[in-house]
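Please read the structure below before turning to the comments.
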Amino acid sequence: MSDFPPPTFDTTRPHPARVRNYLLGGKDHFPVDREYADALTTIFPNIVDVAHASREFLVRAVTYLAADANVRQFLDIGPGLPVENSTHQIAQQVAPQSRIVYVDNDPLVLTHARALLVGAPEGVTASIDADLHEPKVILERAAETLDFTEPVGLILTAVMGLVVDLDEAYTITRTLLDALPSGSYLVLDDGAADPDNEQILNMQTLSDDYGYRYTYRTEQQIAGFFDGLDLVEPGIVTPTHWRHTPEPDSPAVPFEACGVGRRR
């Protein structure tokens, strides 16, 4: 018998993890997720390219942390539904002894994570149920697997836009980082745009209609998440340009900014 309670799913409105899974070509989504994503695509045809570029940034960033920065612990908050190249796969390919903790509070994500996110036997891959809005709870539960006296790679990809209040978003990030030692890293990727952009305004209206709240921020506001950290070159850029030179015919990926910062 399972130690976990049976999951319950809200299929009446789109969910970020399921929408992202659909955009990435996955199979774990419901009609409302597909309906919302298709409507979003009519407003922003590049949204699929953005989802893939974000994932490719994660691959390069985690590879950098594992191979170049010798980070052996990762705290991935809001990882979404399992697809190829999840954090534990990337890190443990470089260092099989790596320890990874995934954090989410969506029943579908947790069910899939516990069934599918199984890492190398030399390392540890764990999934915990916790809410992004409660960083101290996340830290308490993650400490059962991670050693917070050793560097940790904190992964926040496509999640901080779900925290509507910017001050709260900064506080959450700072609370998490303050618990990590020197030599830890923040990997962050999120929506970035001029708030008066017509496409952004149309996407925001669509999101509000579906009860799917996601906030695009300016590049300067994205940079604010890295205050006090040493940015890894090339700094705050679009996902396609972080330690990667795209092909001349690569699709444009607007409305997204990312970066990696080291805690002093």
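Observations
- Modelled spin labels at Asn70 and Glu168, positioned 7 Å past Cα toward Cβ, are 4.0 nm from each other.
- Two-site label geometry, Thr145 and Glu84: point separation in nm, points 7 Å out along Cα→Cβ: 2.4
- Residue-averaged 222 nm ellipticity for the chain, from DSSP H runs of 4+ at -39500 (n - 2.57), nearest 500: -11500 deg cm²/dmol
- Of the residues Glu150, Glu198, the one with the fewest other Cβ atoms within 10 Å heads the list, and the complete ranking is Glu198, Glu150.
- FRET E, pair Glu233, Glu198, Förster distance 30 Å, beta-carbon r, rounded to 0.05: 0.35
- Summed side-chain charge close to Tyr210 - residues other than Tyr210 whose Cβ falls under 14 Å, Lys, Arg +1, Asp, Glu -1: -2
- Taking Val163, Val71, Val237 and counting other C-beta atoms within 10 Å, the order from fewest to most: Val237, Val163, Val71
- Applying 1/(1 + (r/R0)^6) with R0 = 35 Å to the Cβ-Cβ distance of Arg264 and Asn105 gives a FRET efficiency near 0.65.
No lab work stands behind these numbers, since they all come straight from the coordinates. Predicted, not measured: the structure shown is a model, and the values here were computed from it. Cβ: placed from backbone, ideal geometry, glycine included. Neighbour counts: every protein chain shown.
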